[in-house]
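One structure is given here, and the rest of the page talks about it.
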Ligand SMILES: C[S@@+](CC[C@H](N)C(=O)[O-])C[C@H]1O[C@@H](n2cnc3c(N)ncnc32)[C@H](O)[C@@H]1O
């Protein structure tokens, strides 16, 4: 509280009394306390605000924003820096980014990068944000991929998460990535360059219906991989605002039964896989029996055999392996 006591001391001095009064007032006024702007306080303030406004993952959101603004290696480091005081520029930045979170922007777009396995990928809206279950798909692939020269095709590369993970861990592999979205193709290229993985990757903008781009329409592959759009169209409206408002719906919309792009990919796999080549798909948990049935009917014509499906960490059948016979 600001306190001005007796002014009698003004009369005993030759200094400008107004100046002295100001000095006195300033000296007695409470100084702004930097303690209010420690990492710990800012974290608590925004966590509470996010919770009040029903923002999902309130604490994780502010931890990621603080780590980004303070240039800390990870959100876990924020917990170790509770007493660090933020400067004005940092405070303004935190407020700005938190406002984006209040508008339900995904944290990955707010901080413009995200970890996928051991890769740090640049994220740009509305290019699809890679999900943790896709890390499991990559794990399955890497367990089986031969450590010898091989070529693969990724259909729907998004930010490049899958293709770049494969190239990093199978340095003898070479890949072609395609996506219907220009922004996704540009982002995959940018991520490939910043990770030093662009040499063995070619990228084409192309919308898969049942053909591949002109430049590769004669090519055969040892492996085709895709995490295609597989959400049934009528379910799209039920998605969280983070997805519905900010991500490219073409990355999610799998048509009436979620299988439109999957069936197109199966047709392509039939024509473009080498014998014994493998197609890996990430799908909705309702899809494996439908894909199995589809291949029982059309598999002999396509030269494809349903191998099996694999469960994700939540015990749901989410990954399908198909082989070329
Ligand atoms: C679910 S996202 C997967 C992105 C990335 N592979 C990942 O796992 O993070 C599907 C991607 O497929 C692309 N896509 C959707 N339909 C396509 C089509 N018909 N042809 C080519 N790409 C398509 C979308 O633009 C999107 O980038």
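Every read-out reported here was derived from the displayed coordinates using simple, explicitly stated rules and does not represent laboratory data. Being a predicted model, the structure only gives us computed values, none of them experimental. No Cβ is skipped: glycine too gets one built from the backbone with ideal geometry, and neighbour counts run over all protein chains shown.
Measuring from centroid to centroid over Cα atoms, what is the spacing of the stretch 178-207 and the stretch 217-236 in Å?
16 Å
As a footprinting exposure proxy, order 275, 85 by other Cβ within 10 Å, with the fewest listed first.
Listing 275, 85 from fewest to most nearby Cβ atoms yields 275, 85.
Cα centroids of the stretch 263-325 and the stretch 63-102: how far apart, whole angstrom?
44 Å
Place the peptides 154-163, 316-325, 60-69, 199-208 in order of packing, highest mean first, counting for every residue the other Cβ atoms within 10 Å and averaging per peptide.
Highest-to-lowest ranking by the protection proxy: 154-163, 60-69, 316-325, 199-208.
Where q = 0.18, 0.20 Å⁻¹, what log10 of I(q)/I(0) comes from the Debye formula for the stretch 35-103, counting one point per Cα?
Once normalised to I(0) and log-transformed, intensities are -0.58, -0.72.
Do you know the relative contact order of the chain, to the nearest whole percent, from alpha carbon pairs under 8 angstrom that are 6+ apart?
Details: 518 pairs, mean separation 36.8, N = 325.
11 percent.
Using Cα pairs under 8 angstrom and six or more residues apart, how large is the relative contact order of the stretch 161-316, in percent?
Rounded, it is 20 percent for the stretch 161-316.
Where both residues lie in the chain, what percent of DSSP beta bridges are antiparallel, nearest 5?
45 percent
Share of Cα-Cα pairs in the chain beyond 30 Å, in percent?
In whole percent, the share of Cα-Cα pairs in the chain beyond 30 Å is 47.
How big is D, in µm² s⁻¹, for the stretch 232-294 by Stokes-Einstein at 20 °C and 1.002 mPa s if Rh is the Kirkwood radius over C-alpha pairs?
162 µm²/s
Helix-only estimate, please: 222 nm mean residue ellipticity of the chain, summing -39500 (n - 2.57) across DSSP H runs of length 4 or more and dividing by its residues, to the nearest 500.
Value at 222 nm, helices only: -12500 deg cm²/dmol.
Given C-alpha coordinates of the stretch 187-299, what is the ratio Rg to Rh with the Kirkwood estimate of Rh?
When Rh is taken as the Kirkwood radius, the ratio is 1.00.
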